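**Q** What follows is a single structure, and I will ask about it in a moment.
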Amino acid sequence: MQVSAALNGRVGTALAVMLVFVTMSLIALGFPEKARLMPLMVGVPGSVLGLAQLIIEIRHSAAQTTVDADIAEMNKAERSMFIWMFLYFFGILGFGFIYAAPLLVFGFLYIGRKESLPISLISAVATWAVLFGFFEKGFEIPLFTGLIVESIIG
Amino acid sequence: MDLSGIFGALLEIVGSPYHVFLLLIAVPIGMFFGAIPGLGGKLGIVLAIPFVFGMDETAGALFLIAMHAVVHTGGSVPSILFGVPGTGPDAATIVDGLPMTRKGEAGRALGAAFGASGFGGVIGGLFILAVLPLLRPVVLAFSPAEFFLLAIFGITFIAMLSGDSLIKGLLVGFLGLMMAFVTLDPQTGAQRYTFDLLFLWDGIDIITAVLGMFAIPEMIALCVAGGSMAQVSKEGAKYGMAGVLQGLGDVFRHWWLSIRTSVIGAFIGMIPGLGGDAASWICYGHAVQTSKTPERFGKGAVEGVIAPETSNNSKEGGSLLPTLFFAVPGSSGMAILLGAFVMLGIQPGPGLMLGGMDIVWILIWALMLANIAAVAMFVLAAPTLGYLSYVRGNLLIPFVLTLTFLGAYLSHRAWENMVLLVVLGTLGYFLKKYSWPRPPFVIGLILGGIAEDSFHKSMALWGPSFLLRPGALIMLGLIVLSIGIYVWRTIKGRNIAESYHAG
C-alpha cells in the first residue's frame with residue numbers, strides 16, 4: 001500500500017509528540033516526590049492522549065492511498081528552507097550577528113532565491129547597517145559575536 | 001473623589017507644551033521598542049532612563065509611562081504582518097491577525113489593533129480611576145489559591161482554541177505545560193529537565209518560544225508557498241485607509257467585547273505576579289467563548305485581534321496601581337519603571353495615597369493620552385505598513401529570520417536561546433503543516449509555572465481546603481461555567497451539523 005509523505009508526516013508528528021510525553025514522564029520519575037507531581041499529572045495523560053492521536057493518524061493513513069503530485073515540489077522547497085534556517089543558526093552561532101547576518105541575507109537572496117546582485121547587495125548592506133549602526137552603535141546593545149569569533153579574538 | 005485633583009492633573013499635561021511635546025516624542029519611541037522583537041518596553045525604559053535623569057519628576061515620569069503605555073501597540077504590527085510578535089503578550093494577536101493579513105485585510109487588522117489598543121488604554125485608565133477607592137481589598141484578596149484557579153481558568157481556554165481536534169489542542173496545551181516545568185522546581189529547587197544547562201534554570205523563555213512556534217513556521221511556510229504574506233491580489237484587498245478605518249470601526253461595532261476585555265485586562269494587570277502574557281490569552285479565550293460564531297476564530301476574525309489588543313494596553317493601567325501604592329510591580333516592565341520612579345524622586349508605597357495623588361492622576365492621564373496619541377499617529381501610517389504584506393516573500397524571509405534570531409538572543413542575551421528557537425521552530429512548523437493548533441502551547445507555557453507555584457503554595461498554606469475559600473469558589477464557578485458553555489456549544493453545533501446533513 002502506498003502511503004503519501006504527508007500522511008507519514010502526520011504519523012511522525014503524532015509519534016514525536018507522544019514520545020516527548022513518554023520520555024518526559026519517565027525522566028520525571030527520577031525527580032524528588034514534590035518536584036515530579038505536576039510533570040506526572042500532565043505527562044501521563046499526555047502520553048495516553050498522544051497514543052490515542054497516534055492510533056487515529058495510523059488508521060487515517062491506512063485508509064488513504066493517494067499520492068499528492070505537488071508534495072515532492074513542496075518537500076524540495078521545505079528542505080531548502082530548513083537548510084537555510086540551519087545555515088542561519090550555525091552562521092550566527094559561529095560568527096555572530098554583525099558578520100554572519102549580512103552574508104546570510106546576501107546568500108539567501110542571491111544564491112538561494114536567485115535575486116539580482118544589486119538587490120542582494122543592498123539588502124546585505126542594509127542588514128549590516130541596522131545591526132551595527134542601529135543596535136551596536138545607536139543603542140549600544142552588544143550583539144552576540146559568535147563562538148568562533150570569540151575564540152579567535154579571545 | 002477628588003475631582004479637582006483629577007482634572008487638574010489633566011490640565012497640567014495638556015496645558016503645558018513641554019509635557020505635550022514629551023508625550024508626543026515618547027509614543028513613537030515606545031511603539032518602536034514594541035515593534036522590534038526582542039527589544040520590548042523594558043529595554044526601552046532602561047535606555048530612556050539616562051535621558052530623563054535630571055528632569056523634574058512629573059516630566060520624567062510622564063515620558064516613561066507614555067513610552068511604556070504603547071509598547072504593545074507597536075508590538076501588534078509585526079504580529080499581524082509577519083507572525084512575529086514584538087513582545088510576548090502580542091503573540092495572541094497573531095492567531096487572527098496573521099490570517100487577516102493572508103486574506104488581504106492587513107489594513108483592517110492594523111486599524112483594529114491600533115483602535116483596540118487605544119480603546120483598551122483609555123478604558124483601562126478610566127476603570128482604574130473608578131476602582132481606585134476599592135483597590136486595596138480586592139488586590140489583597142488574591143491569594144495563591146485564586147492565582148492557581150485563575151491559571152486553571154486560562155488553561156481551560158485551551159479546549160476552545162483547539163479548533164477541529166480537541167485531542168490535538170489538549171496535547172499541544174499539555175506540551176506547553178510540560179515545557180513550563182523545564183526549570184528548577186519551585187518547592188525543592190531540584191533541576192527538572194535542565195540537563196545541567198544553566199540557561200534552562202530560569203525556564204524556557206516565552207519570547208523565544210513564541211518566535212519559534214509562530215515566526216519560524218510562518219517563514220518556512222511562506223517559502224514553500226511562494227508569493228507574499230497576503231495571499232490575495234492587491235485589487236480589492238483591505239490594506240489601504242478604507243480598510244484601516246473599517247478596522248477602527250470594528251472596535252466600536254464590537255464595543256461590548258472591547259469594554260469587557262479592557263476591564264478584564266486592567267483587572268489582571270492589577271494582580272502582581274500573574275503576568276501580562278496571561279491577560280491577552282485569557283481575553284482572547286473570552287472572545288472565543290462568548291462569540292456566537294467561535295468557528296471563525298483562528299481564521300481571521302477581527303474580534304480575535306480586538307480582544308488581546310485591548311487587554312494588552314489596559315493591563316498597563318492596572319499594573320500601575322500595585323506598583324505605585326504597594327511598591328509591588330504588576331509586571332516586569334513595571335519593576336523597571338518602579339526603579340525609574342524612585343530615581344526621579346517618586347516614592348511608591350501606601351504613602352502616595354495620602355500625599356502623592358497628584359502624580360498618580362498625572363500618570364493615569366498620561367497613560368490614556370499616550371494611547372490616544374498612538375492611535376492618531378499610527379492610523380495614518382497603517383496603510384503603508386499594510387502594504388508590507390505585499391512585499392515578495394523572497395525579500396522578506398531573510399530579514400524576518402534575522403530579526404527572529406536577534407529577538408531570541410536579545411530576550412535573555414543568551415545564545416542558547418537560538419538553539420531553542422530552532423528546535424521549537426521545527427516543531428512549530430510540523431504542527432502547522434499537519435493542522436495542530438499552536439496557541440494552546442503558549443497558554444500552557446505561560447500559565448503552567450503560575451499554576452504549579454500557586455498550587456504548592458496553596459497546599460502548604462491551607463491543604464486541599466484551599467478550594468473552599470470564597471475567592472476560590474468564585475473562580476471554580478467560572479471554570480465550571482466556562483467548560484459548561486463549551487460543552488453546550490459543541491453539542492449544539494453538532495446537532496445543527498447533523499440536522500443540516502439530514503435535511
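**Q** Quick one: what are the phi-derived ³J(HN,Hα) couplings along the range B:118-131, Karplus 6.51/-1.76/1.60 with θ = phi - 60°, whole Hz, x for glycine and proline?
**A** Each residue of the range B:118-131 in turn: x, 4, x, x, 6, 5, x, x, 5, 4, 5, 4, 6, 9 Hz.
**Q** Rg/Rh for the protein assembly as shown to two decimals, with Rh computed the Kirkwood way over all alpha-carbon pairs.
**A** Dividing the radius of gyration by the Kirkwood radius yields 0.96.
**Q** Could you give the dipole magnitude of the range A:71-153 about its Cα centre, charging the beta-carbon of Lys and Arg +1 and that of Asp and Glu -1, in debye to the nearest 20?
**A** 240 debye
**Q** In deg cm²/dmol, rounded to 500, what helix-only [θ] at 222 nm does chain B give when every DSSP H run of at least 4 residues adds -39500 (n - 2.57) and the total is split over its residues?
**A** -24500 deg cm²/dmol
**Q** Okay, moving on. What are the ³J(HN,Hα) couplings of the range B:208-213, residue after residue, when phi is run through the Karplus curve with 6.51, -1.76, 1.60 and θ = phi - 60°? Round to Hz, x for glycine and proline.
**A** 4, 4, 5, 4, x, 6
**Q** Thinking of chain B as a set of Cα atoms, what percent of all their pairs are more than 32 Å apart?
**A** For chain B, the share of Cα pairs beyond 32 Å comes to 39 percent.
**Q** Using +1 at the Cβ of each Lys and Arg and -1 at the Cβ of each Asp and Glu in the protein assembly as shown, identify which of B:GLY249, B:GLY203, B:VAL360 lies farthest towards the dipole's positive end.
**A** Of the candidates, B:GLY249 comes out farthest on the positive side.
**Q** Restrict the search to the range A:45-154; then list the GluC sites (Glu not before Pro) that DSSP places in a loop and that have at most 14 other Cβ atoms within 10 Å of their Cβ. List each step's numbers first, then the result.
**A** On the way: sites: A:GLU57, A:GLU73, A:GLU78, A:GLU115, A:GLU136, A:GLU140, A:GLU150; in loops: A:GLU115, A:GLU140.
Hits after loop and neighbour filter: A:GLU140.
**Q** Now, a different point. Starting from the Cα of A:LYS76, draw a straight line to each of the lysines and keep only those under 28 Å, dropping any in the same chain fewer than 8 residues away.
**A** A:LYS76 reaches A:LYS114, B:LYS103, B:LYS168, B:LYS299, B:LYS432, B:LYS433.
**Q** Additional query: Amide H neighbours of B:GLY203 under 5 Å, counting only residues 5+ apart in sequence or on other chains, H built in-plane at 1.01 Å?
**A** B:LEU184
**Q** Fewest to most neighbouring Cβ within 10 Å: what's the order for B:ASP196, B:ASP2? Mind showing how you got there, number by number?
**A** Numbers: B:ASP196 7, B:ASP2 11.
Starting with the residue having the fewest Cβ neighbours, the order is B:ASP196, B:ASP2.
**Q** Kindly write out, for the range B:457-471 in residue order, the coupling ³J(HN,Hα) from the Karplus curve 6.51 cos²θ - 1.76 cosθ + 1.60 (θ = phi - 60°), rounded to whole Hz, with x marking Gly and Pro.
**A** Values, residue by residue: 5, 5, 5, 5, 7, 10, x, x, 5, 4, 6, 9, 5, x, x Hz.
**Q** A follow-up question, please. Run the paramagnetic zone check for A:ARG79: 7 angstrom along Cα to Cβ, then residues of the range A:109-147 with backbone nitrogen under 18 Å.
**A** A:112-113
**Q** Run through the range B:51-129 and list the trypsin sites (Lys or Arg not before Pro) located in a DSSP loop whose Cβ has at most 16 other Cβ atoms within 10 Å.
**A** The qualifying sites: there are none.
**Q** Sticking with this one: Which distance in nm do the two modelled labels at B:LYS299 and B:ILE491 give, with both placed 7 Å along the Cα-to-Cβ direction?
**A** Rounded to a tenth, the inter-label distance reads 2.5 nm.
**Q** Could you pull out every residue, at least 5 positions away or on a different chain, whose amide H is within less than 5 Å of the one on B:SER228? Hs are placed 1.01 Å off N in the peptide plane, and Pro or chain starts have none.
**A** B:GLY393
**Q** May I ask you to sort B:LEU126, B:LEU401, B:LEU175 by Cβ crowding, counting other Cβ atoms within 10 Å and putting the fewest first?
**A** Details: B:LEU126 17, B:LEU401 28, B:LEU175 24.
Going from sparsest to densest Cβ surroundings: B:LEU126, B:LEU175, B:LEU401.
**Q** What are the lysines whose alpha-carbon lies under 21 Å from the alpha-carbon of B:LYS292, with same-chain residues fewer than 8 places away excluded?
**A** Partners within reach: B:LYS492.
**Q** Testing the spin-label approximation: label points 7 Å from Cα along Cα→Cβ at B:PHE53 and B:LEU129. State their distance in nm.
**A** Going from the B:PHE53 label point to the B:LEU129 one covers 3.5 nm.
**Q** Related question: Listing B:TRP488, B:TRP436 from the residue with the fewest other Cβ atoms within 10 Å to the one with the most, what is the order?
**A** Ranking B:TRP488, B:TRP436 by Cβ neighbours within 10 Å, fewest first, gives B:TRP488, B:TRP436.
**Q** Residues of the range B:419-456 with the amide nitrogen closer than 17 Å to a label point 7 Å from the Cα of A:GLU33, along Cα-to-Cβ, please.
**A** Residues B:456 qualify, since their backbone N sits under 17 Å from the label point.
We did not get these values from a lab; they are worked out from the coordinates using the rules stated. This is a predicted model, so every value here is computed, not measured. We place every Cβ from the backbone using ideal geometry, glycine too, and count neighbours over all the protein chains shown.
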